[in-house]
Each structure stands twice: as C-alpha cells, then as structure tokens.
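The values are calculated or read from the model by the stated rules, or taken from the named source; none is laboratory data. The structure displayed is predicted, hence computed values, not measured ones. Ideal geometry is used to build each Cβ from the backbone, glycine not excepted, and the neighbour counts take in all protein chains shown.
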C-alpha cells in the first residue's frame, strides 16, 4: 500500500489543480424536514465563471454525433453518439428532478490520464443529466459512457440524486493503455446524510446488494492486477486503495465533511484527531480511524438548514478561521493562496473551509416526490462565496433563465454590469477587507431574500400544480416567470447593497444610521462617523514587531 508523507502531501497541494476544491453534501428524504432529497455543490475554482447553464430538451435523428469539450479547459475531446432524446437541464438538475454534483480527488497519479478518452468528469455529469430519469439510471449511463468512450479525468466523487434516492459514486480512470474507469456507487440509507470534499469516502462495500450498491465488475480485479491490493475481496476498500489518505486529504478535504457532520450530530467531535492528520492503520495499510461514510443527524434538516451548512469556516471549533492572527484585525475567515507555505523551512498550512473566496457557483438541489417533476425540483442557485451568496429558487421545469445568471453574460476575464457573478463579487471583495463589521449588513439582505423565497414556495407550488393539471406548458411559463423575476430581482438588490456598503463604510469610517437612514446634521452634512480602532491583540502585535518605532514620547495636542 502506497504511503504519502506529510511533505509529499504538501507538495501535491502546492501543485493542485484549481478544481480540487469543491464540496458536496447529501441529505436523504428521511433526514429532511419535508421529505425532500437534497444535494449541495460548491464549484470552487480560481478560474470558473459562475453562470446558470441551460440545455433544452431535444430529439435527434438516429446516428447523430455530438462534440464533447473538457469542462475545465474547453479543450475538444472528440465526438460521441448523441442520445435519441435528451431532457432539459437547469444548472445541475434536469426536468425529472435528477441532480448531480462532484468533487475531484485525483487519486493515484498514474491513473490520472488516458490518451484518446472522449469524456471528462464535467461532460459526464451533464451527459447523464440530459439522458437519465432517475439517479440509478444516471449512474448506469455514466458507467456505460466511460466504458465506451474512455475517461479523460482523474479521480472523482459524484453526488447523484432524484426525488426518492441519493447516491455517492466514486470513480477513477485506468490510466494509459486501458480505456474506461473503475467505480463504486453506494445508496445513502434513508434518514442519513453524507458528503464528500475532494477525497474519496467509500471504503468496503457490499458486493451482492444491487439495491444499495452498484460497481464496475473489475473494480477489485483491476486493483489486484496493478498490485494495489492483494487481500480478500471482502476486505477491499475503494478509497484506501485508489487514493490512500494523507495529511492534505484529511485536513483540507475530509475536514469540510467533518465540519458539516459536527454541526448536525453531537458525537462527531471525536473524529477531530483524524481530521488533524493523525492516522491509525491496519495490516493492509488501510486507515482505521476514518469517519463513517454517512451519519444520522440529531434533527431533521430544512432546505434553509442545508443552505447554512454550506456557510462554514469551522466556526465554533478549534479550527475556527476567525480565531487566529491569519484572520487579521477584522476576523476574516479567508486565507489567500497558497494553501501550504513555509517559514524557516518548516511547513505550515491554512485551513480549507466549505466557504471560500474562489467559488464560481453553488447550489442546493431539492427534489420532492409528491409534486409533478417540473414543479417538484428546485435548484436553489447562487454565485460566488457561499457565505455571502443568496440561494435563488430555479424550478427544474423552467424554460429560460434570468439574464443576470445566463451563460455568456460576462466572463472571468470580462466584467459585465448586468451579471450576477460580478454583482456578488463586487460585494464580497469589498467585504473581505472589513469582514466582521460589513458581514452583518450582507447577512441582513441575504436572510431577507432567502426567507422570502422559502415562504413563497408553497404558494408557487400550488398555483403551478393547478396550471399543470390542465396545461403543463402554461405551468412551465408560470414557473419561468417566477424564477427569472426572483433571479434578476436578487441581482438588483445586490447592486443596491454594494452602493449602500460603499457609502456606509467609505474610507474606514462607519456612518451613523437611524431607522435605515444615514444621519445628517440638519444641513445635509453627515453626522460625525464612527471610527472603530483595531482590537487590543492586534495592537499588541504591532508593538511587538515595531518596538519603539511608533512610541509616542509626549501626548499629541491634536
């Protein structure tokens, strides 16, 4: 069994591709307040532009070919056979309430490339969404596609859900000279939650339980052929074989899953030692003190609870990112890259939390089996940093998306004044500088919008269902009008918020307010603003580092 030293793990992280940084949570029907299935996905990348993808349903003549492009780079991979019929897809959710998210884990380096492969992990997700009516069917399609066309990516974990089931699918390619991938999929038991964040989490799995476990027929034999595993099949662990745990895998990846588990289950604190990179191993070289694949929450979760779980920087734990000097005087839970660094040849790291600055887009998909599919699926969608975004309801039955979120409205290299991504980045990048004072205003606007959306959903559901019973197309128009209006309205609210923050906090001052209005002195001039100083601990650091340089020898007169 391959071991990865601490220093090697850090070197891997220094060179880690930008998309090695996503987070997925999985909530089954029995674990949710209303019986919906939910998955989350933050697509974190320093180069990904946040926009809401839309692919309408279509019918194609037999033999039609389609071009496949790598999601990360736009590189042309080749042509594959198009499906006879495809389903409409909004973001990462299709018209049948099937939703898919992913996190990249890489795994064994020699398996990370496959010349001639035509399907990468990104195209695999969206191809499955266009072709599948259920989560199980999506998993089957994904396995068939990589077997036929090859797999052009490194190791991936996928969340795959529909209105009844939620699965975690983990896959890795076979490397050069061998087409396809090996994979395992586990259904998360009803009443439980799971998650993954750039490290594979499936260990041993049942080999004779197709209701709850699906896998490539050669997932174990391939490992034996490559010399990765020599034990009995029943002891085979997918994660420990294809991507052995290391410091980075635990601290930077599993740590995000632990943070979510820890917020909803009072017994998860015991796993902090594992998260900090302290491992125990068995005779096979497998880590024995890992977290469970899934847990039961102490209380059932609402869609708002799940949104809040995506807003995490280890608050309330010993890893809280606002509680060390790296947070600066304004307690910012963000760290600029690199993730790992050295001082005097000693290696150190920053925490990697669920909430991070480099998020392109984020969603909470909510699938509800008691409603017709176009109404039952809500793709709660946001752009930019999860802690400061707003989740806007995009019903899976809509036939158009808001202009502000639409593909092609701006790019990561081109600012657009009508783009949701740039509107949210204006606010978040302004807030980063004085986080602990400005974030309160952001949260007020955030909660105002999200609470209103959640309160509106039952009425929208009811009206849409009435229309659907007589005219499904009219129901789709009604839902489209609603989602488009909420999206564009949210972006306008955020533009207004930026103007408000700029006026209120200009030049390090804080203007005084009363009943939502800035105070003036009666002649149109601003009342003297608040000018909060630095915290005492930060002043002490300044004195420690500067000595007598800034010392006042006599009290200033003005």
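Can residue 230 be described as assigned by TED's automatic domain parsing to the domain that holds residue 118, assigned to a helix (DSSP H, G or I) and over 20 Å from the mean Cα position of the chain (by Cα)? Considered against the rule, which asks whether it is assigned by TED's automatic domain parsing to the domain that holds residue 118, assigned to a helix (DSSP H, G or I) and over 20 Å from the mean Cα position of the chain (by Cα), residue 230 comes out as no. Answer yes or no as to whether residue 442 is in contact with a strand residue (DSSP E or B) (Cβ under 7 Å, 6 or more places away or on another chain) and assigned to a helix (DSSP H, G or I). So residue 442 does not fit the description; no. When region 507-536 is filtered for residues that are more than 20 Å from residue 430 (Cβ to Cβ), in contact (Cβ under 8 Å) with a residue 60 or more places away in the chain and either more than 37 Å from the chain's Cα centre (by Cα) or not in a loop (DSSP other than H, G, I, E, B) (or both), nothing remains. Here residue 224 meets the list (1) out of contact with any strand residue (DSSP E or B) (no Cβ under 8 Å at 6 or more places or on another chain); (2) in contact (Cβ under 8 Å) with a residue 12 or more places away in the chain; (3) in a helix (DSSP H, G or I) almost entirely, failing just condition (2). I'm trying to understand the selection: among the residues of region 306-345, which are over 18 Å from residue 253 (Cβ atoms), in contact with a strand residue (DSSP E or B) (Cβ under 9 Å, 6 or more places away or on another chain) and assigned to a helix (DSSP H, G or I)? Selection gives 306, 307. Scanning region 517-558 for residues that are over 22 Å from residue 436 (Cβ atoms) and in contact with a strand residue (DSSP E or B) (Cβ under 8 Å, 6 or more places away or on another chain) yields a total of 4. Checked against the criterion of being buried (at least 18 other Cβ atoms within 10 Å of the Cβ), at pLDDT 95 or above and closer than 19 Å to residue 498 by Cα, region 365-374 has no qualifying residue.
Among the residues that make up region 107-122, is at least one of them farther than 20 Å from residue 149 by Cα, in contact with a strand residue (DSSP E or B) (Cβ under 8 Å, 6 or more places away or on another chain) and in contact (Cβ under 8 Å) with a residue 40 or more places away in the chain? Looking through region 107-122, at least one residue is farther than 20 Å from residue 149 by Cα, in contact with a strand residue (DSSP E or B) (Cβ under 8 Å, 6 or more places away or on another chain) and in contact (Cβ under 8 Å) with a residue 40 or more places away in the chain.
When the test is whether a residue is modelled with pLDDT of 95 or more and touching a helix residue (DSSP H, G or I) at 6+ places or on another chain (Cβ under 9 Å), residue 209 does not pass it. Exactly one residue among 403, 407, 466, 450 is surrounded by fewer than 24 Cβ atoms within 10 Å (Cβ to Cβ), more than 21 Å from the chain's Cα centre (by Cα) and touching a residue at least 12 places away in the same chain (Cβ under 8 Å), and that residue is 403. Of the candidates 282, 240, 246, the single residue that is surrounded by 20 or more Cβ atoms within 10 Å (Cβ to Cβ), more than 25 Å from residue 187 (Cα to Cα) and in the same structural domain as residue 203 (by TED's automatic domain parsing) is 246. For region 534-555, a residue qualifies if it is out of contact with any helix residue (DSSP H, G or I) (no Cβ under 9 Å at 6 or more places or on another chain), surrounded by fewer than 10 Cβ atoms within 10 Å (Cβ to Cβ) and over 22 Å from residue 508 (Cα atoms), and the qualifying residues are 544, 545, 547, 548, 549, 552, 553, 554, 555.
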